[in-house]
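To keep things clear, I will list the structure first and then write my remarks on it.
Nothing in this text is a laboratory measurement; each read-out follows from the coordinates by a stated rule. On a predicted model such as this, the values are computed, not experimentally measured, just so you know. Quick reminder, even Gly has a Cβ in these numbers, built from the backbone with ideal geometry, and neighbours come from all protein chains shown.
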Amino acid sequence: MTTYSAKPSDVTSKWYVIYAAEAPLGRTATKIATLLTGKGKPQFTQHIDCGDFVVVINAATPKVTGSKMEDKMYYRHSGYPGGLKEAALKDVLTNTPERAIYDAVRGMLPVNKLRDPRLARLKIYAGAEHNHAAQKPEAISVTKGSK
């Protein structure tokens, strides 16, 4: 028996479209991270980027539970003393709605040399329109019982 190891030339990527408002933010982010890494594919190899392209629409209206709109905070630092900036989820969604999903998915991907190329295949749009109709993305559901 020999162990199969995928080569970069063997990888074929598909396009998927996900509707962000149909499931909670974390559940959506885990589905996106799984698609970006390619873990659902039989030819998955840890050190080769086997993932797919993911288009996320309606990122401005993700579903969140509890009081996360006011309590969940996003932090960034300018690098200067006293330069810590914080924003609640509701403020992030009004200013840069793509950041909430991007940060959630980025936190779920492994920290290695493949993270940036995987995130480059993630396309996030605040509204319902996207520019990737030519790639014929397959709609995929995040709710229970989906692929």
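Worth pointing out:
- Working from Cα pairs under 8 Å separated by at least six residues, relative contact order for the chain is 33 percent.
- Judged by the gyration tensor of its Cα atoms, with axes a ≥ b ≥ c, segment 5-45 is prolate; a/c meets the 1.5 cut and a/b is the larger of a/b and b/c.
- For segment 1-92, trypsin sites (Lys or Arg not before Pro) are listed when DSSP marks them as loop and at most 13 other Cβ atoms sit within 10 Å of their Cβ; the list is K39.
- For I124, distant residues with modelled amide H under 5 Å away: V56
- Between H132 and D10, the C-beta separation translates, for a Förster distance of 22 Å, into a calculated FRET efficiency of about 0.40.
- The chain: antiparallel DSSP beta bridges as a percent of all, rounded to 5: 30
- Computed from Cα positions, the angle between helix 98-108 and the longest principal axis of the chain comes to roughly 50 degrees.
- Longest site-free stretch - the chain; sites: chymotrypsin sites (Phe, Trp or Tyr not before Pro), DSSP loop, at most 16 other Cβ within 10 Å: 45-147
- Calculated Cα Rg over 2.2 N^0.38 Å (choose from (i) 1.37; (ii) 1.27; (iii) 1.15), label: (iii)
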